[in-house]
1. Could you state the accessible area per residue of the chain in Å², with a 1.4 Å probe and every protein chain left in place?
2. Going by Cα centres, the stretch 131-159 and the stretch 60-88 are how many Å apart?
3. What accessible surface, in Å², does a 1.4 Å probe find on Ile169, ignoring ligands, DNA and RNA and rounding to the nearest 10?
4. Of Arg188, Arg62, Arg28, which has the largest mean-square fluctuation in a 10 Å C-alpha GNM of the chain?
5. Let me check something: with ligands and nucleic acids excluded, how do Tyr118, Tyr98 order by accessible area (1.4 Å probe), largest to smallest?
6. Leaving ligands, DNA and RNA out of it, report the carbon-plus-sulfur percent of the accessible area of the stretch 75-118 at a 1.4 Å probe.
7. Heavy atoms only, probe 1.4 angstrom, no DNA, RNA or ligands counted: give me His51, His32 ranked by accessible area, highest first.
8. Per-residue HN-Hα couplings for the stretch 192-197, Karplus 6.51 cos²θ - 1.76 cosθ + 1.60 at θ = phi - 60°, whole Hz, x for Gly and Pro?
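The values are calculated or read from the model by the stated rules, or taken from the named source; none is laboratory data. Everything quoted here is computed from the prediction, not taken from an experiment. Surface areas here come from the heavy atoms of the whole protein model, side chains and all, with no ligands, DNA or RNA. Shrake-Rupley method; radii C 1.70, N 1.55, O 1.52, S 1.80 Å.
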Amino acid sequence: MRGEGVARMSAAERRVALARAALTVVDRDGVHAATTRAIVAEAQMPLGSFHYAVPSRDELLRDVVELVVADEGDAALAGLLGEAVDPRDAIRRTLTAYLDHVRAQPGREQAMFELTQYALRSPELDDLPAEQYARYHALAAEVLTAAETHLGIRWTVPVAELARLVVTITDGVTLAWLADRDDAAAERTIDLATAALAPFAASA
């Protein structure tokens, strides 16, 4: 990407490429390793390209969150939108698809926890944790709303409240699996979470 290829890229295109490079770095090495120099090296861009496209590294981390949330959403929706037997089955498949995504890219999910903690201690990013979780809650609400349409159901509690519960569950499943890598235990937790969530689904 060096040389003429980089020169032809707009600032917006460079920012996207840098965000993807930053995601690769944090996935592989953690948030602490995502220095400006490491990011531009991964993107195969000169250092000057970074400041041309992005105000700061911290600002780019917001783009990284957006990329991760989009990937998580794709995984969850793929699990949901298969052939549905009943709401309980759809909930289990959706949560399992999310867990499979975590297992496939553990470094990325670990980095998101690291980023939350880093931001909570960084005045320049003190609003990022709330923004990060607002994105998580919005994604969960999107999946729950899609489930209403796909399954012909309605949720008996407000979707926004149920979305916060789903995020709490997926956070717990993710962190526990990252800690012990116990697939069977994670799957049993998903069974229990499915049993907890299914009663909120009623016929439309």
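1. 50 Å²
2. The stretch 131-159 and the stretch 60-88 have Cα centres spaced 11 Å from each other.
3. 30 Å²
4. So, out of Arg188, Arg62, Arg28, the one fluctuating most is Arg188.
5. The residues order as Tyr118, Tyr98, largest area first.
6. For the stretch 75-118, the apolar C and S fraction of the accessible surface comes to 56 percent.
7. The most accessible residue leads, giving His32, His51.
8. 5, 5, 4, 4, 6, 7
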